[in-house]
Each structure stands twice: as C-alpha cells, then as structure tokens.
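Asks: Structure provided below as structure tokens; questions to follow.
The values are calculated or read from the model by the stated rules, or taken from the named source; none is laboratory data. Quick caveat, the model's predicted, so the values are computed rather than measured. Here the Cβ positions follow ideal geometry from the backbone for every residue, glycine too, while neighbour counts run over all protein chains shown. Note: areas computed on protein heavy atoms with side chains; ligands, DNA, RNA excluded. Shrake-Rupley method; radii C 1.70, N 1.55, O 1.52, S 1.80 Å.
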Amino acid sequence: LAGAGGPPPSVQLALETARPNPSSESAALRFTLPRPGHARLVVLDVAGRRMRTLVDGPLVAGSHEVAWDGRDAGGAPAPAGLYWARLEAAGEAVARRLVRIP
C-alpha cells in the first residue's frame, strides 16, 4: 500500500460552508478540530456583532456538526441578510459566510 506506515495526514482547523446556504430555516455547520480543547463557534452579523453562540466549551478532536436555527441569542428570528460563522480553536480562527433569505 502506498503510504503505509507513514505519518497520518495532518488535520487542520476547518469550517465547512453552511448547508444549505442560502437558508431560510436551519443551516448545518460542520467543522473539524485538529486536537481536543476549547472551541467557540459564533454567528456574527456584517457589523461584527455576535448574534448567537453555538459552541463555547471543550470538544474532542475530530469532526463536529451543529445547527443554527436562524435565531439570535434572545430567540428572535434573525432578519434576512449576510452573516458570518466564526470558529476559534487551537489558537486559530476561520470564518465562513452565511446568507439568510426570507
């Protein structure tokens, strides 16, 4: 087998594009952590204000999935527009665009 016995492929902090995107309902956010530790996944509006925190705590290394139900921290539906999902973990950060439609 090619590559047998070699080092495993490196795992990097990754945040996939939300699905579906654009969305009028819930959107699934998949992400990968390179090692166990604290992770924070937030949804921000275009001005950088935090709309909702989806993850804020310790997680194991590997793949994870959470859903944003399109609501803000108070439970009100977020208006249609452009948002950002921002993942912070392992001293790194990545962001992906989210679009909410009516």
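Asks: Any chance you could list the semi-axes, whole Å, largest first, of the equivalent ellipsoid that the Cα gyration tensor gives for region 17-70, using √(5λ)?
Replies: Semi-axes from the Cα gyration tensor: 21, 14, 8 Å.
Asks: With contacts defined as alpha carbon pairs under 8 Å and 6 or more residues apart, what's the relative contact order of the chain in percent?
Replies: In percent, rounded to a whole number, it is 31.
Asks: So what J values fall out for region 52-65 if you push phi through Karplus, 6.51 cos²θ - 1.76 cosθ + 1.60 with θ = phi - 60°, rounded to Hz, Gly and Pro as x?
Replies: Result, rounded to whole Hz: 7, 9, 9, 9, 7, x, x, 9, 7, 5, x, 8, 9, 9.
Asks: Still on this structure, I have one more. Between (i) 13.5; (ii) 14.4; (iii) 15.3, which entry matches Kirkwood radius over Cα pairs in Å as derived from the coordinates of this structure?
Replies: It is the one labelled (ii).
Asks: Okay, next question. Convert each backbone phi in region 18-23 into a coupling constant with the Karplus relation 6.51 cos²θ - 1.76 cosθ + 1.60 (shift: θ = phi - 60°), then list the ³J(HN,Hα) values in order as whole Hz, x for Gly and Pro.
Replies: 4, 10, x, 8, x, 9
Asks: Applying 1/(1 + (r/R0)^6) with R0 = 30 Å to the Cβ-Cβ distance of Asp56 and Ile101, what FRET efficiency is obtained, to the nearest 0.05?
Replies: Calculated value: 0.65.
Asks: While we're looking at this one, here's another question. How large, in percent, is the carbon and sulfur part of the accessible surface of the chain at a probe radius of 1.4 Å?
Replies: The nonpolar share, carbon plus sulfur, comes to 53 percent.
Asks: Same structure, new question: Just to check I understand the Karplus step: with θ = phi - 60° and J = 6.51 cos²θ - 1.76 cosθ + 1.60, what whole-Hz values come out for region 72-85, glycine and proline as x?
Replies: In residue order, the calculated couplings are 7, 4, x, x, 7, x, 6, x, 4, x, 9, 9, 10, 9 Hz.
Asks: Find which of Pro20, Ala47, Gly37 sits farthest along the positive direction of the dipole of the chain, computed with +1 on the beta-carbon of Lys and Arg, -1 on that of Asp and Glu, about the Cα centre.
Replies: Of the options given, the answer is Ala47.
Asks: Extending each Cα 7 Å along its Cβ direction at Ala76 and Ser24, get the distance between those two points in nm, one decimal.
Replies: 2.2 nm
Asks: Can you tell me the accessible area per residue over the chain, all protein chains present, probe 1.4 angstrom, in square angstrom?
Replies: Result: 61 Å² per residue.
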